[in-house]
Each structure stands twice: as structure tokens, then as C-alpha cells.
Amino acid sequence: MTSPPANPPPPSRQALLLVAFMWFAYFLNYCDRQAVFSMFPVLKSDLGFTDTQLGYVGASFLWIYGVGSFFAGQIGDKFSKRRLIIWSLALWSLVTIATGLANSPNMVLALRALMGISEALFMPAAIALTANAFPPATRSRAIAALTTAQILGNVGGGWFGGWMAQQGQWRTAFFVLGAVGLVFALPYFAFLRGVSEEAQVETKKSGGSGALAGLVRTPTYWLLCVVFPVFVFGLWLLYGWLPNFLHEKFALGLADAAFNATVYLQGATLAGMLSGGVLADTLYRRTKAARLWLLTASLLGCAPFLHYLGNSDTLAATRIAAMGFGLFSGFFMGNIFPSSFEIVPADARASAVGVLNLFGAVISGFATLAGGALKQSVGINNLLTFTALAYVLAGLAVIAGIKLCFPRDYERVH
């Protein structure tokens, strides 16, 4: 294996601007999808939602989003990533506005499914376009910086949704978020027209056999498709039900519950994501499996904190557990896609993201559904403990994959 340069060249101005524009779009993406989870108590009172129907708010989005991501990845590797990104932003912004007009649980669920389709178009093309603009030695930092938008979008969307719902203005929250997206689409499109879609040639191409064929021949990639849904199951169990869990367990107001469910968790995730990106790029100079080792550290580190998040007796202890989980989860979130780019052909990156999202979203959709369906019988606290055990098994599986599969997969595409 050839070693990357000890001091990689600094990224171009256009590459940095690409991350900046992509960041704000990704921020809006998560604001629009997350705001609704802080509105659960109001949706129950205003529209007559049951707990099971609230579980489907997340599940319907994620299932459609996962299936849509699969096809969006194929489209992104064959056609213009730039146009796909802009269409996605415009469409999900319109769906967000329409959600503010919903007058029944079924209408909300239908619009969440439409949001899953529209947002699915964005991520495979956005991540692949960003990866194409940066060499491997700085790629984790670039994608980690981009993915911080997910964290701040969760915080901003969760807080804004909870605050507006508490003011009796939950419909207005959707109108505002959607309008911002439509306005931003104009300068975003103007910038993207000058961005190259060509990948840097540090990996081979699929040689005309097709993107999916290149993925199928890669055992390490399929291992990622197994551990990724395990990770996001725990993540979406927290995203979907932690605000309501804290609201009921500690008798917090809606805004306070949303704040405690997002700021401590997401603040630590932000730190873990940025430090994990730097650490992965630094360790990459020593081993090409650096990003996979960061995934292992994340899964094994998250597990105990995930258990204590649901089983701590005080709000202070719950906050500490949220920060511990967030720190280690950031390692995973910043490195899952860059780790896949080490072992897949250069012209299959959007497809690699899309297939990972398919597995992750479809399985993690059961997290919000399980939270609603099993909240009374099993309890959110026990669901978190069972998921923590799955994290440990997934971490051990990644170690086995590094030893048994990764070297051969890496050599095949370099």
C-alpha cells in the first residue's frame, strides 16, 4: 500500500466554499425533519395522535428515506449531482411548508413520507460531491465538518419546534423553515453550477460493470451495511423519543425537554465529530484502516453511556450520559462514509452512501416505532440497554472485518 503524503496540500477555495454551502443546506435538512419530534405532546392534543402514530412519524420518514436513498445513489452516480441536490432542497422545503397545513394524523404521516423521498435525493449526492473535492488524507475532516450541520440542525430544529409548539405556533414553525429553504436554493444553485463533479483518482473506477456490482464484491462494505443500522437505531431512538422521555420522567416543560434532549447530546457529538475527523486523518498516515478503527472505538465507547442515558436517576447524570454517548457517536458519524470510500470504486460513491442509508434508515425506522409501541410495556430505558448490547457486538464485528476483509478490499480498488 502506498502511503499518503505526510503534509497534504491545503484544500482549494472552491472546496471550502462547497463545504460551507453544503453545510447550510444539510443544516436545513435536519431542522426540517427534526422539529416535529419536539411537538409530540401538542400533536396529541391538537390532532389526536396516539403514541403508536407518533412512532410512525419517524418510522414512515425513515423507511421511505432509506428506499429513496438507494435509488438516489444510483441516480447521483449516473447524472448531475448538482441538480439533484438543488431539486431535493426545493422539494423538501415545499413539503415542510405543507406540513404546517396538516389537519389530521394521516396527513402528517403522508407528508413525512413525501419528505423522506425529497430529502433522500440530497445526501448521497452531497456526500459524494464533497468527497470528490478532497483527497483521502483530509477527507474525514471535510465530511466531519459537513456533518456537523446534522448536529446543529437537530439542536436548532428540536429547540425551534419545541419553542414554537409551546407558544401555540407549531404550524408557523413549518412555514418559516420551508421558506428559508426556498430562498437559500437560489444562491446555492448559482454556486453549484461552477463546481466540478469529477472524483479525484485515488481509487479505481468500476470499469463499466456498474456501481452496485462494485459494492457487491466488497465484504468490508457489507459489514458497514450491518453495523451502520445498529448504530443509527440507537441514535434515532434518542432523536425520536428522548424529548418526550425527559418530559415525562423529570416533569420538564416542552422547551426544557427539547433543550436537555438536544444540547448536551448534540454538543458532545459535535466535539466528537470534529476531533474524530482530525484523528482519523492523522491515523490514516499510519494505517489505511484508521477510519474503521474509529468506528470500533465509537461503538464500544457509546454502549455504556447509552445504557445510563435511560437508567440514570437524576437529570444531571442523564446529561453526563448524553455527553458521553454524543462524544463517541461523533467518531462514527464523521467516519462511516469516508471509511466506505476507501474500499469502493471512485464512481460508486453516491451509490455507497445510498445503500448505507437504505440499510440504516429502514432498520432505524423501527427505533421510533418501537419507542411508541413498546414505551408502556418494555420502556425506553430497557430499549436503550438492549441497543447498547447490540453496539458491543457490532464493535467486535468491525474488529474482525479489519483483520479478515479490509486489506484485500483496499488493495482491489487502489
Of the residues Ser88, Ser12, only one is over 30 Å from Arg412 (Cβ atoms) and among the hydroxyl-bearing types (Ser, Thr, Tyr); which? Ser88
Residue identified as part of a helix (DSSP H, G or I), under 20 Å from the mean Cα position of the chain (by Cα), in contact (Cβ under 8 Å) with a residue 60 or more places away in the chain and farther than 22 Å from Lys375 by Cβ among Leu265, Leu238, Leu292: Leu292
Looking at Phe70, Phe37, Phe61 in this structure, which one is in a helix (DSSP H, G or I), of a type in the set (Phe, Trp, Tyr) and under 20 Å from Ala350 (Cα atoms)? Phe70
If we keep just the residues of region 127-146 that are among the hydrophobic types (A, V, I, L, M, F, W, C) and more than 20 Å from Ala348 (Cβ to Cβ), which is surrounded by the most Cβ atoms within 10 Å (Cβ to Cβ)? Ala144
Going through region 197-235 one residue at a time, which ones are part of a loop (DSSP other than H, G, I, E, B), modelled with pLDDT under 80 and touching a helix residue (DSSP H, G or I) at 6+ places or on another chain (Cβ under 9 Å)? Glu197, Glu198, Ala199, Gln200, Val201, Glu202, Thr203, Lys204, Lys205, Ser206, Gly207, Gly210
Suppose we keep only residues that are touching a Leu at 6+ places or on another chain (Cβ under 9 Å) and among the hydrophobic types (A, V, I, L, M, F, W, C) within region 370-385. Which one would you say is modelled with the highest pLDDT? Leu384
Among the residues of region 306-313, are any within 24 Å of Ala271 (Cα to Cα), without any contact (Cβ under 8 Å) to a residue 60 or more places away in the chain and of a type in the set (Gly, Ala, Ser)? yes
Top-ranked residue in region 106-126 [being buried (at least 22 other Cβ atoms within 10 Å of the Cβ) and of a type in the set (Gly, Ala, Ser); ranked as nearest to Leu358 (Cα to Cα)]: Ala120
3 or more residues closer than 17 Å to Gln14 by Cβ: qualifying helices (runs of 4 or more DSSP H) within region 77-194: 81-99, 123-132, 136-166, 170-192
So which residues in region 354-380 are in contact with a Phe, Trp or Tyr (Cβ under 8 Å, 6 or more places away or on another chain) and farther than 23 Å from Phe122 by Cα? Leu369, Gly371, Gly372, Lys375, Ile380
Test of understanding: among Ala6, Ala59, Ala15, Ala25, which residue is closer than 27 Å to Leu270 by Cα and modelled with pLDDT of 85 or more? Ala25
Any idea which residue in region 254-288 is farthest from Ser339 (Cα to Cα), counting only those that are modelled with pLDDT under 85 and out of contact with any Ser or Thr (no Cβ under 9 Å at 6 or more places or on another chain)? Asp256
I'd like to check something: does region 305-319 contain any residue that is under 27 Å from Trp23 (Cα atoms), touching a Gly at 6+ places or on another chain (Cβ under 8 Å) and part of a helix (DSSP H, G or I)? no
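The values are calculated or read from the model by the stated rules, or taken from the named source; none is laboratory data. Small disclaimer: the values here were computed from a predicted structure and weren't measured. Ideal geometry is used to build each Cβ from the backbone, glycine not excepted, and the neighbour counts take in all protein chains shown.
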